[in-house]
Structure formats: structure tokens, C-alpha cells
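Below is one structure, written out as C-alpha cells; the observations come after it.
The values are calculated or read from the model by the stated rules, or taken from the named source; none is laboratory data. Given the structure is predicted, the values throughout are model-derived calculations rather than measurements. Quick reminder, even Gly has a Cβ in these numbers, built from the backbone with ideal geometry, and neighbours come from all protein chains shown. The area values use the complete protein model at the heavy-atom level, side chains included, leaving out ligands, DNA and RNA. Shrake-Rupley method; radii C 1.70, N 1.55, O 1.52, S 1.80 Å.
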Amino acid sequence: MATRMLKLSAAAIAIAAFASGSAINSLLPDREAILNETFPVHGLVNEAVHIRTGEVSVHDVGVAHAVSRFGTTAHTSAVFLTFTVTYLPNGLETTVAPIEVEGGNGHVFGGLQAYGGVLSCGGSQAGLPISCPLAVEISPEALPGARIRIHNYSSVSGDDVAVIDLGIDDETAAQLAASDTTFEIGAPTYGGALP
């Protein structure tokens, strides 16, 4: 009788252990989620940020209601967040892409833009900085708290990503959104230094 009671107790303990293990395992991320997790490297405007493939910086931040490129102008009822990305490749990749804007409201903007192009900066060789003027169409309410995310080329997940805080508060957003300018998206320039 004691042996039978001991066996039943051991079985109950084993079942409880398996149930506890299953519950704990369900709370842990799976292998795929861990491998796809990005590693944010935070920075500010006019500050060089080191990522795996080189250094990036964002400067000349502004807002426009129209952008012009190669003689074609695109207008919006929202706003274009305009900025320049400077990339100093270290030889692992010649381009950083995609470049996205994460609005203060949580929405992500980027990809194919109204002026015709995917947000990227590159085409340079190791040690030669390239500066790319860019514009992203976003809603004005996304300006306060907006950040720019710059990924290593062809590595959107499982790699580090520069996250640049633009330092835009409500007051600054209102001033920027009141601007009635057209931003000329020029060709990338080579040389110079990171801020």
C-alpha cells in the first residue's frame, strides 16, 4: 500500500513538473523570435552612431509640404519630414537601408515614397562618407517624439539598428509644420566628415 502511494505521489509530482515546465516555456520567446530581434543603438541628431557596418548620423532636419526631385514635384496634405543621413561605411556594406521614421504616435513611415524611391543611403566605399538628403511623408501629429531608424543593408532583423531621436517636441512640431517650403532632394554627396 505504501509502495502504491509512493508511486502515485511520484506520478503527481512528475505531472506537476511537466505542467509547470510547459507554462514557463510558453512565456519564453522562441528561437526564431530571438534571432530576429533587432539591437537598437540610440543616438541624437548631429551625433555619429556606430552600427555593425559603419557610422551613421542624421542632420539638417526640417519639414516641407512639397518635395522636388529631378524636376518632378510631389505635394502632400500631410508633411514631408526632411533630413540628411551621412553614412561612413567600414567595408562590410556600402549602403544602409531601409531608413524609416517612427512617429511619436507609434506609426512607422518609409518604404516607397511619393517622389519615387525606397529610403536608403549608400553606394560608397569603405572610409568615404556619403550624405543623402531624404524626405518621408508623415502625418503632422507623428512629428512630436519622432525617431529615425537606420538599418544595416539587407538586415532588417537580427542585427543592430541606429535609432536617432530627432528631439521634436509639441512646440517644435507646430513650428515645423507651419513651414510652407519645397525641399529639393539632391544627389548624394561624397566626402566631408560625420558631425
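Within the range 125-137, residues that are more than 12 Å from Val58 (Cβ to Cβ) sit with their Cβ atoms under 8 Å from residues that are of a type in the set (S, T, N, Q) and outside any loop (DSSP other than H, G, I, E, B), at 6+ positions apart or across chains, in these pairs: Pro129/Thr86; Ile130/Thr86; Ile130/Thr189; Ala135/Thr82; Glu137/Thr76. Scanning the range 178-195 for residues that are open to solvent by less than 60 Å² (accessible area, probe 1.4 Å), in contact with a Pro (Cβ under 8 Å, 6 or more places away or on another chain) and at pLDDT below 85 yields a single hit, Leu194. Residues in the range 128-142 that are in contact with a strand residue (DSSP E or B) (Cβ under 6 Å, 6 or more places away or on another chain) and more than 19 Å from Asn46 (Cα to Cα): Glu137, Ile138, Ser139, Pro140. Of all the listed residues (Leu119, Leu81, Leu134), the sole one being buried (at least 22 other Cβ atoms within 10 Å of the Cβ), at pLDDT below 90, more than 15 Å from Gly192 (Cα to Cα) and not basic (Lys, Arg) is Leu119. Summed over the range 97-116, residues that are surrounded by 13 or more Cβ atoms within 10 Å (Cβ to Cβ) and modelled with pLDDT under 90 total 6.
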